[in-house]
1. Can you give the local net charge around A77? Use residues other than it whose beta-carbon is closer than 12 angstrom to its beta-carbon, Lys and Arg +1, Asp and Glu -1.
2. Add +1 for every Lys or Arg and -1 for every Asp or Glu among the other residues with Cβ under 15 Å from the Cβ of R30, and state the total.
3. Through the Karplus equation 6.51 cos²θ - 1.76 cosθ + 1.60, θ set to phi - 60°, convert the phi angles of region 131-144 into ³J(HN,Hα) values in whole Hz; use x for Gly and Pro.
4. Of the beta bridges DSSP finds with both residues in region 64-216, what % are antiparallel, to the nearest 5?
5. Over the chain, what is the relative contact order in percent, taking alpha-carbon pairs closer than 8 angstrom and at least six residues apart?
6. Antiparallel DSSP bridges in region 128-221: what percent, to the nearest 5?
7. Per-residue HN-Hα couplings for region 180-194, Karplus 6.51 cos²θ - 1.76 cosθ + 1.60 at θ = phi - 60°, whole Hz, x for Gly and Pro?
8. Out of all DSSP beta bridges with both ends in region 6-135, state the antiparallel percent to the nearest 5.
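Each value in this text was obtained by applying a stated rule to the coordinates, not by laboratory testing. In this text, all values refer to a predicted model and were calculated from it rather than measured experimentally. Reconstructed Cβ throughout: ideal geometry from the backbone, glycine too, with neighbour counts over all protein chains shown.
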Amino acid sequence: MIPWEPVGETRLPSGETMSLHRRGDEFSLRVAGLELMNSRQHGSEEALAALALAELARPAQHVLIGGLGMGFTLRAALDALPATARVSVAELVPQVAEWNRGPLAHLAGRPLADGRVKLVVADVANLLARATRAYDAVLLDTDNGPEGTTHEGNERLYSPAGLRAAHGALTPGGVLAVWSAFQSPAFARRLVAAGFAVSEKNVRSRGKKGVRHVVWLARRR
C-alpha cells in the first residue's frame, strides 16, 4: 500500500487545521485529521450541479457555487452551461483556491481557468445576504451539509435566516441545490418554510457505487 504524503495545510477560521494529502494519483482533503473529500469519490458533487441545472425551466445565466472543494461541482456546472453563462465561486479558505490552481488543478480539468468563472474568497452566506434576484441557481457544497458542519459559521447558511437570504438571492423560478452527507427531515422542513418547493434526491459518491449522499433541490416559488 502506497503511504499518504502531506501536500500542504492551512488554518481554518475555527482554528482547526485543513490538510491536503496525496497517495499516488489520489488526493484527500481533511479537517482535523478527518477526511472531508476524496478525489476518487466525486459523483455526488457532480450530481449537485447536473440536477440543479436540469431543474431550471430556462438556461442559467448566472450560477453561484458555495464551496470549491476539488473543483468537481464547478466542472460539472461549466459542462452543462452555455458559453454566455457566468459562474461565481465563493470559497472561504484561500489555500483551497491555491491548491485548485496547483496540485489539484488537473483533477477536474482546470475549471478555474475557464473565462466564465469568477472566484471570490469570501463566505457564501455574505454574498447571498447582499444579493437580490442575482442568481438563477445557487449550489451549496460546504462542509458535510446542514447536519455535518465542521466550521461553526457555516451553520447560519442552513438556518431559517440563511435560507431566506438564499431565496431572495434567486431569480423567480431559480433553484437552490444543497449537498449533504446526511439525511435531515428538519432541514427539508426549513426549506419549505423559507418559501421553496422541495424535492430530495439520493445520489452515490462514485458512479452507481459508493456511499449515499443527499441533494435537496429547492425551487423559488
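1. -3
2. Neighbour charge sum, excluding R30 itself: -2.
3. Coupling constants for region 131-144: 9, 9, 6, 9, 10, 7, 8, 10, 10, 10, 9, 10, 6, 10 Hz.
4. 40
5. The value is 18 percent.
6. 75
7. Whole-Hz 3J(HN,Hα) from phi for region 180-194: 8, 7, 9, 5, 7, x, 5, 5, 4, 5, 5, 4, 5, 5, 7.
8. 60
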